[in-house]
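Enquirer: Have a look at this one before I ask anything.
The values are calculated or read from the model by the stated rules, or taken from the named source; none is laboratory data. Owing to the predicted nature of the structure, the values given are computational and were not obtained by experimental measurement. Because the Cβ atoms are built from the backbone with ideal geometry, glycine has one as well, and the counts that use them run over all protein chains shown. Surface accessibility is based on the protein's heavy atoms, side chains included, excluding ligands, DNA and RNA. Shrake-Rupley method; radii C 1.70, N 1.55, O 1.52, S 1.80 Å.
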Amino acid sequence: MREFISIRNDVAESIREQRPMIALESTIIAHGLPRPRNVEIALQAEEEARKLGVVPATVGILEGKVVIGLTPEQIEHVGTAEEVLKVSRRDFAYALATRRLGATTVCGTMMAAHLAGLRVFATGGIGGVHRGAEQSFDISADLLELARTPMIVVSAGAKAILDLPKTLEFLETRGVPVIGYKTSVFPAFYSVESELVLDLVMDSPEQIAAVYRTQRSLGFEQGLLVANPVPKEHEIPRQAMERYLGTALAELDREGISGKQVTPFLLARVLELSGGRSLQTNIELLFNNVRLACGIARNLSAGHSGR
Ligand code: PSU
Ligand code: MN
């Protein structure tokens, strides 16, 4: 395994000393956020963590290695290169064996970060069950990874481009706790609320860390999804979002886009349709998730290791 993993020095040191660390993904850099702001946003997300005394490790795949803790130059490379593979579990070995440049999704980042011994990961929104999945079978590998890899993933829920009820049903079936942070309603990424109720609600990082430790003590392999709503002042209200999505989904259909192009296409169209507003929302929710993830990471490293 060692031959495929490269861990940045300060990350390796933090792992040894059990200092607080969080993982960050690179698909949002390569395919999720618009260029050229993507690189600057990724670096700022890392800065948010450092300000809180937590070491950030952005994950990517370069020259046949999974890199845990990209350097700023490597982040720039992933954020500017023409061809970057979007790497989930399916693509992981292929990207390594062919030495392709790869950006890891929530799924790919969970796998890599867990291999390196990290426990907490902040992202924007997870992938899920797509609308029309009963026809297309399009279900993100993120959900299966949450069912099999013990990482805490802090997200602003899942985007309303997805079928949110089916996404929650899937997670329930696969035994993944979805914990609402200070909310009993599942957030819809750009919007604070969806119509879906969450049964598990907590209001401190300590409590979330305690659930994780308990899962690990019991030998459970699944992860844990934290649903952290975007701060109200930065949200795009649900009705406006539904309008943009109606348009974008119709275009998706018309242009016959499928597979892993679906998520990037819808994100880009929502950005255009919202007149650029969705970007600020996306940035704010990402930083908000980084801050909560740092609180959880600090808590975990202060207590027992949980591994
Ligand atoms: N949500 C976002 N931006 C993104 C993604 C999700 O707000 O860029 C990315 C994440 O990396 C997620 C992936 O893991 O999309 C899911 O893609 P798919 O639906 O193809 O599994
Ligand atoms: Mn898909």
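Enquirer: Take the stretch 253-267 and flag every residue that is near ligand 1 (Cβ under 10 Å from one of its atoms) and surrounded by 15 or more Cβ atoms within 10 Å (Cβ to Cβ).
Expert: Residues of the stretch 253-267 near ligand 1 (Cβ under 10 Å from one of its atoms): 259-264, 266-267.
Listed by number, the residues that qualify are K260, V262, T263, P264, L266, L267.
Enquirer: Looking at T167, T183, T173, which is the one that is within 23 Å of G32 (Cβ to Cβ), modelled with pLDDT of 95 or more and polar (S, T, N, Q)? Break it down stepwise before answering.
Expert: Values: T183 fails: within 23 Å of G32 (Cβ to Cβ); T173 fails: within 23 Å of G32 (Cβ to Cβ).
Result of the check over T167, T183, T173: T167.
Enquirer: Open to solvent by 20 Å² or more (accessible area, probe 1.4 Å), farther than 23 Å from E284 by Cβ, in contact with a strand residue (DSSP E or B) (Cβ under 7 Å, 6 or more places away or on another chain) and among the polar types (S, T, N, Q): which single residue out of Q18, Q74 fits that description? Explain how you work it out, then say what you get.
Expert: Numbers: Q18 fails: in contact with a strand residue (DSSP E or B) (Cβ under 7 Å, 6 or more places away or on another chain).
Going through Q18, Q74 in turn, just one is open to solvent by 20 Å² or more (accessible area, probe 1.4 Å), farther than 23 Å from E284 by Cβ, in contact with a strand residue (DSSP E or B) (Cβ under 7 Å, 6 or more places away or on another chain) and among the polar types (S, T, N, Q): Q74.
Enquirer: Here is a follow-up. Please pick out the residue among V290, V226, V262, V230 that is out of contact with any Lys or Arg (no Cβ under 8 Å at 6 or more places or on another chain), within 20 Å of G32 (Cβ to Cβ) and within 16 Å of ligand 2 (Cβ to nearest atom).
Expert: Values: V290 fails: within 16 Å of ligand 2 (Cβ to nearest atom); V226 fails: within 16 Å of ligand 2 (Cβ to nearest atom); V230 fails: within 16 Å of ligand 2 (Cβ to nearest atom).
After applying the criteria, what remains is V262.
Enquirer: Keeping to the stretch 233-252, report how many residues are within 16 Å of ligand 2 (Cβ to nearest atom) and open to solvent by 40 Å² or more (accessible area, probe 1.4 Å). Steps first, please.
Expert: Filtering the stretch 233-252 down to residues within 16 Å of ligand 2 (Cβ to nearest atom) leaves 248-249, 252.
Within this subset, residues satisfying the condition of being open to solvent by 40 Å² or more (accessible area, probe 1.4 Å) are 249.
Qualifying residue count, the stretch 233-252: 1.
This table checks each residue for (1) under 24 Å from P264 (Cα atoms); (2) under 14 Å from the mean Cα position of the chain (by Cα).
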position: Q18; (1), (2): no, no
position: G32; (1), (2): yes, yes
position: R37; (1), (2): yes, no
position: I41; (1), (2): yes, no
position: V54; (1), (2): no, no
position: G60; (1), (2): yes, yes
position: V66; (1), (2): yes, no
position: K86; (1), (2): yes, yes
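Enquirer: Follow-up. Residue by residue through the stretch 217-232, note down the ones that are open to solvent by less than 50 Å² (accessible area, probe 1.4 Å) and in a helix (DSSP H, G or I).
Expert: Residues satisfying the conditions do not exist here.
Enquirer: Go through the residues of the stretch 85-100 one by one and say whether even a single one is without any contact (Cβ under 8 Å) to a residue 24 or more places away in the chain and among the aliphatic types (A, V, I, L, M).
Expert: Yes, the stretch 85-100 contains at least one residue that is without any contact (Cβ under 8 Å) to a residue 24 or more places away in the chain and among the aliphatic types (A, V, I, L, M).
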